[in-house]
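The values are calculated or read from the model by the stated rules, or taken from the named source; none is laboratory data. None of the values given here were measured: they were computed from a predicted structure. Glycine gets a Cβ as well: all are built from the backbone with ideal geometry, and neighbour counts include every protein chain shown. Calculation scope for accessible area: heavy atoms of the full protein, side chains included, ligands and nucleic acids excluded. Shrake-Rupley method; radii C 1.70, N 1.55, O 1.52, S 1.80 Å.
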Amino acid sequence: MARLTAASELNIAGVTPFSTVDWPDMLTATVFLQGCPWNCFYCHNPALIDPRAEGAYSWSDVLDLLCDRIGLLDGVVFSGGEPTLQRALLPAMDIVRSLGFRVGLHTGGAYPGLLAQALPHVDWVGLDIKALPGGYDAVTGRPHSAENAWRSLELVLGNRLLRAGSDRPLDLEVRTTVHPAAIDDSGLRELGCRLADAGVDCWAVQRFRETGARSPLPRIEPMDAEASALTLADLPTDRFASLVVR
């Protein structure tokens, strides 16, 4: 009962009952948690940034939905916002696993400490690496964000190595949303090489889309927003087992 009580403290902004896009090759339910410490200028769901905003769903709503879908879904993805902002994430993951679902996590790596605690509960991580370290603060609007994100990448890669060959390997996809105000083609190639050197073998490059984003984009001058589009023609495709452009 203690676990259920702790999980019930989750601040849940939304739920997608069936999703084929939140975890590659998996049919999932996706739970969107409220709150994020960063304010990425291109955020496509800015309503989830404020951690004080009241959630739209209760944990009991999520449990009812999941119990109706046992045997129909492969897993449950916790997304956001930034899921690791909420400590109730860990007991919620345990409950999801007890129902027979695999557990996925979307994170920007803002909280390496809680991410380290969550990793043993997780089967797959979608980790956002937004920029080279020197360009991070311009994307997130927050100081020192690069240090946390790149430390989180180290933690995920280390945990994946520890679990390799076990009955519960950890899968990882690193994702980078690209906007010309954040990175150019040369920088994107450098970022890809740095990720490959770190041990990343699955990289998704995601084009910025205006749907859901604020207009005008915060902290971006009009001339920056209208900068030349990236060609994505010089990606280091040979360095990855899987490199997809979305």
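In the condition set (1) closer than 28 Å to GLN117 by Cα; (2) without any contact (Cβ under 8 Å) to a residue 24 or more places away in the chain; (3) in a loop (DSSP other than H, G, I, E, B), ALA131 is compliant with all but (2). Checking each residue in segment 80-105 for being in contact with an Asp or Glu (Cβ under 7 Å, 6 or more places away or on another chain) and under 19 Å from GLU173 (Cα atoms) picks out ARG102, VAL103, GLY104.
One line per residue, one yes/no per condition, for (1) in contact with a helix residue (DSSP H, G or I) (Cβ under 7 Å, 6 or more places away or on another chain); (2) buried (at least 20 other Cβ atoms within 10 Å of the Cβ); (3) of a type in the set (Val, Ile, Thr):
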{"residue": "TYR57", "(1), (2), (3)": "no, no, no"}
{"residue": "VAL62", "(1), (2), (3)": "no, yes, yes"}
{"residue": "VAL76", "(1), (2), (3)": "yes, yes, yes"}
{"residue": "PRO83", "(1), (2), (3)": "yes, yes, no"}
{"residue": "LEU90", "(1), (2), (3)": "yes, no, no"}
{"residue": "ASP94", "(1), (2), (3)": "yes, no, no"}
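Taking residues in segment 170-199 that are surrounded by fewer than 16 Cβ atoms within 10 Å (Cβ to Cβ), and partners anywhere that are part of a helix (DSSP H, G or I) and modelled with pLDDT of 95 or more, the pairs with Cβ atoms closer than 6 Å and at least 6 places apart or on different chains are GLY199/LEU157.
Right, VAL21: open to solvent by 50 Å² or more (accessible area, probe 1.4 Å) and within 18 Å of the chain's Cα centre (by Cα) or not? So VAL21 fits the description; yes. When ARG160, ARG175, ARG142, ARG168 are checked against the criterion of being of a type in the set (Lys, Arg), closer than 20 Å to ARG207 by Cα and modelled with pLDDT of 95 or more, ARG175 stands alone in meeting it.
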